[in-house]
Each structure stands twice: as structure tokens, then as C-alpha cells.
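A.B. asks: Before we start, here is the structure in question, set down as C-alpha cells.
Read the figures in this text as sums done on the coordinates, not as results from a lab. Only a predicted model underlies this, so the values are computations on that prediction, with no experimental measurement involved. Neighbour counts are summed over all protein chains in view; Cβ atoms, including those assigned to glycine, are modelled from backbone coordinates with ideal geometry.
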Amino acid sequence: MRADLALAGFGHVGRRFGRLLAERRDWLALDYDLDCRIVGIATKRHGCYFDREGIDAARTPAEIERTGGSLEAGLDTFDVIRRLSESRADLKILIETTVLDVQTGQPAIDYVRAALAAGCHVVTANKGPAAFAYEELSALAADRDVCFLFEGAVMDGVPIFNLVRETLPAVDIRGFRGVINSTTNHVLSAIEDGESFDAALARMQSEGIAEADPSLDIDGWDAAAKAAALANVFLRGRTTPQAVEREGIGQATARLAMAAKAKGKRVRLVASAQRTANGVSASVRPVELPEADMLAGLRGVANALILETDLLGEIAVAQLSGGITQTAYALLSDLVSIRRRKLRAPAAAPHGRSL
């Protein structure tokens, strides 16, 4: 089965996905009868490219710009999506990895909406679509009989959403709490080891864990976007990052962390949400935890999410390491999920209706 892919966004994650696709090409073919071709790439800085015969995504955007790849003046991301939708491939999939705009979720939401409306499946590592427009986009995907998947949006490649979707039928999730931002957890761990807040953050930046502008992490916005996405999907919330009660970490948190350590406790930036009689309540804030709490034991880039369920009690999923490869893998795993859905699909009835 042939799958044509278009990449909206071609930064570190998009490029790693392109390489991972090549590395796992034989695996995909043997296990899933899946032949993937990247036919479109849309970048903010280097233009947009489309080639029905396929593009070598192992090349950098600058190389593609220099040597060709159907670069056309005036071609934009929506044109790439339209051309993808006209493909004769068995599967047409938009891989969306643009940068999160925590205030609006754009332009990712518009890209996802356009692809779904055109009958293309969508896989995204962007938190914005699920954090701002999950209900709308899920309904649109169902209406067009395509998939809208976003495993890479939270905890990199750890199968949080797939776990619930595929393995917890008839289980009601009532709430969750977790440590879901690597930068802040790494900083707090380093402070416990004696580093100052500024030195710990600077080291995170030098190691590439924190961005040059780390405010999205330090101020709690990244965790708030993830909390909103989780609340919308698991708790049927209709929230946004702005509606999440938010407190980041700073110098005062460093002092709090050292005082907690002296008492045998730990401070972690905890994202949580609960379904209440008045709707869904979500927050991100530094919390002092007893040493026996699973979240208290998370150090460095480790993350974990604890789901509160009605039938199984608490279920915990932990990630001890994460990074670009894990996020790229999440895109690949969603790609396989789409193929599996195709394998399970019933035969078409007359007039294209499903049996």
C-alpha cells in the first residue's frame, strides 16, 4: 500500500522523521505492506516544495532550495495540502510539525483543518490543535472518515493517547496529574544537587534541552498546553492553555525546592486536571511532594503521567528519557496506526457507504 506524505514544518523533528522513515523503510514494508513517499515539504524560511515522484527528506531545506524539488514561486502550505489531496496514493497523510503558538494554536489548526477537509489523514506533534480545537477537528476527521492523531504532542513517543484509545475500552478517566515538561524537571533536579537556578537553566540551554528563550517552559506554558490537550481528549473538556491555572518556576521555586529537600520532600512542576460538577478544572504549578510519591522520584528529563480511572484505579506511564528521536518515532507510530485502521476497515458498501 502506498502512502504519500507532505510535511508541514521541517525543523529538527521533521528532519529526524524523514531520516527515521528511511531507516525503517524495510520494516514498514515487511510488517505493514506500507511504502511511504514524501511528496511535499512546506517550510517557513525555505519555501514549499512538491514532487509527485518523491522528495529526499534527508537533504536539508537549503539543499532542496539549491538543487530543486519543484520549488515554485507563490506555492504555500495550503497549496501543498491541496496537491497532496489530489494524489492517487492509497493513503494521503499530512505530517504537521510547525512551532506551537501558545496563544492561538495557529497556523497549525488551519493546516490540520484544511488537510482533514480535503480528505487527508493528519499526524501532528504540535500541541496546538488538540489544546485549542480538539472537538472540532475530531468531528471533522470523523465526518471525512480520516484520522487525526497526535501522539507526539505529549511525552514525546510514549503512547499515552494510543494506550487509552486502543487498550482501555469502557474505562472512564476522571482526572490526571503528571510531570510533563522536561526542562523544568531537569532544572529542579539540578537545583536539588546544589546548582543555582540560573546555572541550571544555562546548562539546560547549552545542552539543547531548553530553548534559547526558555520562557515557554519556565513560565509553565508548555505544560499548560499539554494539560489542555490531555483534558480535552481524556476528560472531554473544552479548555485551552489560557484556561489552565498556571504558575511556572523561578528563583522563589529554587528556594522552595531546597527547603523541601531538607524535609525529605521534593518540588516538581505538576500538571493536573479533574472533571468536576462544573466542568474540567486544570492547573500547572510547583507542588511539594512526599518522597514516596512517584512524581517526586522523577529526575532529569524523566516525565510521568498518572491517570485516575473508574475501574482500574491509578495507571502510571513513565518516560525516563526523551528527545527528538522519540518525538519523530511518535509520528511514525501514528503513521502505522493509520495503516492498521485501513486493515481493519470493513469492505465498502454500494455508494461508498461503510458496512
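A.B. asks: Please give every one of the lysines within straight-line cross-link reach of LYS342, meaning a C-alpha to C-alpha distance under 28 Å, and leave out same-chain neighbours fewer than 8 residues apart.
C.D. replies: Straight-distance partners of LYS342: LYS92, LYS127.
A.B. asks: Once both axes come from the Cα atoms, what is the angle between helix 197-206 and the longest principal axis of the chain, in degrees from 0 to 90, rounded to 10?
C.D. replies: Compared with the principal axis, the helix lies near 20 degrees.
A.B. asks: Using Cβ contacts closer than 10 Å as the measure, can you line up LYS127, LYS265 from fewest to most?
C.D. replies: LYS265, LYS127
A.B. asks: Given Cβ point charges of +1 (Lys, Arg) and -1 (Asp, Glu) and nothing else, what value in debye, to the nearest 20, does the dipole of the chain about its Cα centre take?
C.D. replies: With Lys and Arg at +1 and Asp and Glu at -1, about 500 debye.
A.B. asks: Starting from the 7 Å offset along Cα-to-Cβ, what nm value, one decimal, do you get for the label separation of ASN162 and GLN242?
C.D. replies: Using points 7 Å along Cα→Cβ, the separation is 3.4 nm.
A.B. asks: Would you work out which of VAL123, SER182, PHE50 lies farthest towards the positive end of the dipole of the chain? Charges go on Cβ: Lys and Arg +1, Asp and Glu -1.
C.D. replies: VAL123
A.B. asks: Starting from the Cα of LYS261, draw a straight line to each of the lysines and keep only those under 30 Å, dropping any in the same chain fewer than 8 residues away.
C.D. replies: LYS226
A.B. asks: Which residue, GLY157, GLY11, GLY105, has the most motion in a Gaussian network model of the chain that connects Cα atoms within less than 10 Å?
C.D. replies: GLY11
A.B. asks: Nearest-5 percent of antiparallel DSSP beta bridges in the chain?
C.D. replies: Rounded to the nearest five, the antiparallel share is 60 percent.
A.B. asks: In the chain, if the dipole is taken from +1 on Lys/Arg beta carbons and -1 on Asp/Glu beta carbons about the Cα centre, which of LEU100, GLY194, ALA259 is farthest to the positive end?
C.D. replies: About the Cα centre, the residue reaching furthest to the positive side is LEU100.
A.B. asks: Report the label-to-label distance for ALA22 and ARG2 in nanometres (one decimal), using points 7 Å from each Cα along the Cα→Cβ vector.
C.D. replies: In this crude label model, ALA22 to ARG2 measures out at 2.1 nm.
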